[in-house]
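The values are calculated or read from the model by the stated rules, or taken from the named source; none is laboratory data. This one's a predicted model, so the numbers in the text were calculated from it and none came from an experiment. Cβ sites come from the backbone with ideal geometry, for glycine too, and all protein chains shown count toward neighbours. SASA here: full protein model, heavy atoms, side chains in, ligands and nucleic acids out. Shrake-Rupley method; radii C 1.70, N 1.55, O 1.52, S 1.80 Å.
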Amino acid sequence: DLEKMESNNQMDVELNQNNVDLYEGMDINCLFEEDYIPAEILKIRESEDGEKEYYVHYHEFNIRLDNWVKIDSLDLDNIPDKTKKKRGKKRKLDGHDKGHRSPHVKNIQTIELGRYEIDTWYFSPYPEEFAHTGKLYLCEFCLKYMKRKRTLQRHKIKCNLRHPPGNEIYRDGELSVFEVDGRKNKIYCQNLCLLAKLFLDHKTLYYDVEPFLFYILTECDERGCHMVGYFSKEKNSPNDYNLACILVLPSYQRRGYGKFLIGFSYELSKKEGKPGTPEKPLSDLGLLGYRSYWTQVW
């Protein structure tokens with residue numbers, strides 16, 4: 001406790017020496033890897049040990065890299081001039097004023113899914129009691145989410161699923177695709193959408209899953225079929241959209257699975273006798289995936 005008090009006092013002295021009031025909406029240089037780069041403080045909170053933490057957006061990078069940092073990551077010796085002029089004029093940040101970021105601060109930092117621990121990219125509207133745990137534990141088969149590792153371990157003993165709860169419509173070696181109906185498997189699909197939102201900035205569908213079909217790509221072994229990624233599509237699209245949302249989990253990216261899912265969506269359209277096109281707008285990674293797919297096809 002004494003060390004903690006001394007640490008907090010040292011930070012207060014440092015702030016007074018630099019004559020800097022840190023506030024939400026403030027531009028400041030922040031340490032990123034080995035260099036200080038321009039950033040903005042979006043949110044300030046107090047951690048469990050009483051130390052202040054700062055949620056920053058790096059101006060040069062995508063918002064998926066927004067993160068909580070300690071005060072020693074902030075460059076208090078070189079405050080941008082425009083920030084000095086605004087000192088004391090704290091503005092309320094609504095999350096929209098720069099037009100390129102989500103209005104929400106990332107609420108879950110990492111997830112454990114199967115054998116992977118994955119850093120998240122964006123906010124996802126998990127229930128409040130789960131949303132500020134720092135790390136969330138997910139069953140890799142039913143996608144139920146839990147706050148504690150031991151809860152997950154107990155759940156694994158009782159969970160009977162070893163693959164997504166739908167019909168297996170494709171198999172090639174260790175790869176399988178399952179078609180899951182949002183009406184018949186509502187809880188699973190809602191859990192899937194909450195998981196997907198951690199990695200998709202513009203996703204808005206979370207709970208209204210009944211009008212959609214979900215196509216889950218898995219890698220299979222003796223333990224079961226492990227989700228790699230998925231795409232969803234409306235059951236009855238007036239515009240003949242063949243894909244509403246697409247995601248490959250970060251732990252499986254750069255292996256060609258995105259192109260596989262895009263190709264699969266077109267094969268389904270062919271089977272249905274429809275031209276098929278994805279819904280717009282595409283996410284940044286979705287757009288890259290389609291460009292890569294069409295480059296390969298043509």
Calc'd 3J(HN,Hα), segment 240-251, phi into Karplus 6.51 cos²θ - 1.76 cosθ + 1.60 (θ = phi - 60°), Hz, glycine/Pro = x, comes to 6, 5, 9, 7, 9, 8, 9, 8, 10, 4, x, 5
The orientation-averaged projected area of the Cα convex hull of segment 156-208, in nm², is 5.0 nm²
If the chain between GLN153 and ASP119 were fully extended at 0.36 nm per residue, the gain over the current Cα-Cα distance would be 10.2 nm
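If I take R0 = 35 Å and measure r between the Cβ atoms of LEU76 and GLU129 in this structure, what FRET efficiency does the formula 1/(1 + (r/R0)^6) give, to the nearest 0.05? If you can, show how the numbers build up before the last one.
Values: r = 36 Å, r/R0 = 1.03.
Using R0 = 35 Å, I get an efficiency of 0.45.
Per the Kirkwood treatment, what hydrodynamic radius in Å, one decimal, follows for segment 129-221 from the mean inverse distance over all distinct Cα pairs? Spell out each step's value before the answer.
On the way: mean 1/r = 0.0698 Å⁻¹.
Every distinct Cα pair counted, the radius reaches 14.3 Å.
Of the accessible area of segment 142-295, with the probe set at 1.4 angstrom, what percent is carbon plus sulfur? Numbers along the way, then the final one.
Working: 3950 of 8040 Å².
The computed percentage sits at 49.
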Residues whose built amide H sits under 5 Å from the amide H of LEU282, excluding neighbours closer than 5 in sequence, are none
Dividing the alpha-carbon radius of gyration of segment 98-175 by 2.2 N^0.38 Å, where N counts its residues, gives 1.34
Given backbone amide H placed at 1.01 Å from N, residues whose amide H is under 5 Å from that of LYS52, ignoring those fewer than 5 places away on the same chain, are SER47
Rh (Kirkwood, all Cα-Cα pairs) for segment 231-298, Å, reads 12.3 Å
quick shape note, segment 149-274: Cα extents on principal axes in Å, largest first -> 47, 33, 27
Between the modelled labels at THR277 and ASP208 (7 Å from Cα along Cα→Cβ) the distance in nm is 2.3 nm
